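One structure below.
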Amino acid sequence: MRFTNSVVLGTLLALAHPSPTAAQERIAFNVDMTFYGDNTEFFNPWREGETLLGAESRLFLDVELNEFVTLRGGVFGDHRFGDDTNFEIVRPVLALHLQNDEARFVIGSIESGTQEVGLGPDRQGPHGLLPPLQRESLAFSRPDEAGLQLTVTKPRFRQETWINWQQLNTALSRETFDAGLNGRLRVPAPRPVWFSYQYHIVHQGGQLFDSGPVGDSWSGGPGFVVELPRGPFDAQTAEIHGLVARDVPNRAALDQTDTGFGFGLFTRYAVEKSGWRAHLIGWRARDFIKGEGDENYGSLREDGGLTSLRHYFETGLSRTYRPAPEMGIEFAARLHRVDTLHDYSFRILAKLDFDIPLKVPPRP
């Protein structure tokens, strides 16, 4: 597997400094709740509009065995308002965290961490990938992930690598997982400039049961993110990414299902001031098809036909409030130009995240 070396490296980093003595355990009860309302009024050949309204929550205990090892256990629930059932998804939260000052390796319930308020609606996907690679609404329609994750954070280098197991290989279905890489490296320059690279793949396969086609859909590429002079604003950024994509729904029928390589150029400008954020996105692509990507960027229409050359533009405005240290709420509205068509969307996102330390009697 492509990520084996990264996982091994993360484990070694996390265990590089073993604790010399048994430390006092710390237990904390954590509450992580997200309330979301996402409405997309899309009327175009590539993507349908959808309304997502609900709340997701994680209630769990973190048992810190020492500063390098944390055991997490609890429950996750996702409730869609108006649903006949109380919870659309109920799953356990089970994870083992191994970490040091620079790296963290997680096995079990992994953390996407991008449903944070203040990022803007265009950056709130499960792992902060560009929308052509993975649409942001998956943070609400598929909010729980489990697998392996390695995060490295240094002053001049940041990287996240993960694999999210979605479906087991059974007599009725192929196994399905997605995996990705999202990193940045600071480039020596007069202005803060980051070399950015992203990659994402969705794989369907498995060897135990031949219960469907084996296929892959992947995309990725390099880019640059520039922190512009602030001027009258709190922050200004400009970025550009070149992406390559390939979609193969059935490896056994490459002559019929292989769409070849697609290419896209993604640009984004964003400005922030006193809780306000505005952004502008421009996109041009040819033969670009990517599973789990935002269909507004792709060449595959809902009727199965292809539109080889694609253009997409988006502008949006968001406002973030923090009425309490543990809570934030964001309101966002966007206008979308999908080739020659115009659509709009809006979003409300509220997040509460806090922990309550519990007293633990010392061990003898």
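The values are calculated or read from the model by the stated rules, or taken from the named source; none is laboratory data. Model, not experiment: these values are computed from the prediction. Heads up, the Cβs are rebuilt from the backbone with ideal geometry, glycines too, and the neighbour counts pull from every protein chain shown.
In the list Arg186, Arg174, Arg246, which residue meets the criterion of being at pLDDT 95 or above, surrounded by 17 or more Cβ atoms within 10 Å (Cβ to Cβ) and basic (Lys, Arg)?
On the way: Arg186 fails: surrounded by 17 or more Cβ atoms within 10 Å (Cβ to Cβ); Arg174 fails: at pLDDT 95 or above.
So the residue among Arg186, Arg174, Arg246 that is at pLDDT 95 or above, surrounded by 17 or more Cβ atoms within 10 Å (Cβ to Cβ) and basic (Lys, Arg) is Arg246.
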Residue tally, condition touching a strand residue (DSSP E or B) at 6+ places or on another chain (Cβ under 6 Å), buried (at least 17 other Cβ atoms within 10 Å of the Cβ) and modelled with pLDDT under 90, over segment 88-116: 1
Filter result (in contact (Cβ under 8 Å) with a residue 40 or more places away in the chain and not in a strand (DSSP E or B)) within segment 166-219: Asn169, Thr170, Ala171, Arg174, Phe209, Ser211, Pro213, Val214
Cross-chain or 6+ apart pairs with Cβ under 9 Å, segment 63-87 first and more than 18 Å from Ile107 (Cβ to Cβ) and of a type in the set (A, V, I, L, M), then at pLDDT 95 or above and part of a loop (DSSP other than H, G, I, E, B): none
Hits in segment 225-255 (condition: touching a residue at least 12 places away in the same chain (Cβ under 8 Å) and part of a loop (DSSP other than H, G, I, E, B)): Pro229, Pro232, Phe233, Asp234, Pro249, Asn250
Conditions (1) over 29 Å from Glu227 (Cα atoms); (2) buried (at least 17 other Cβ atoms within 10 Å of the Cβ); number of the one not met by Gln207: (2)
Top-ranked residue of segment 263-281 - restricted to ones that are in contact with a Lys or Arg (Cβ under 8 Å, 6 or more places away or on another chain) and closer than 11 Å to Glu314 by Cβ, ranked as surrounded by the fewest Cβ atoms within 10 Å (Cβ to Cβ): Leu280
Residue list for segment 268-300, restricted to those being in contact with a Ser or Thr (Cβ under 6 Å, 6 or more places away or on another chain) and not in a strand (DSSP E or B): Gly275, Asp287, Phe288, Ile289, Lys290, Gly291, Ser299
Output for segment 282-321, where each listed residue is among the β-branched types (Val, Ile, Thr) and surrounded by fewer than 21 Cβ atoms within 10 Å (Cβ to Cβ): Thr307, Thr315, Thr320
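Suppose we keep only residues that are of a type in the set (A, V, I, L, M) and farther than 28 Å from Val244 by Cα within segment 322-345. Which one would you say is surrounded by the most Cβ atoms within 10 Å (Cβ to Cβ)? So that I can check it myself, show each step before the final result.
Of all residues in segment 322-345, those of a type in the set (A, V, I, L, M) come to 324, 327, 329, 332-333, 335, 338, 341.
Filter once more, keeping what is farther than 28 Å from Val244 by Cα: 324, 327, 329, 332-333.
Values: Ala324: 10, Met327: 15, Ile329: 18, Ala332: 23, Ala333: 14.
Filtering first and then ranking leaves Ala332.
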Leading residue by the ranking (farthest from Pro213 (Cα to Cα)) among those in segment 251-275 that are touching an Asp or Glu at 6+ places or on another chain (Cβ under 9 Å) and among the hydrophobic types (A, V, I, L, M, F, W, C): Val271
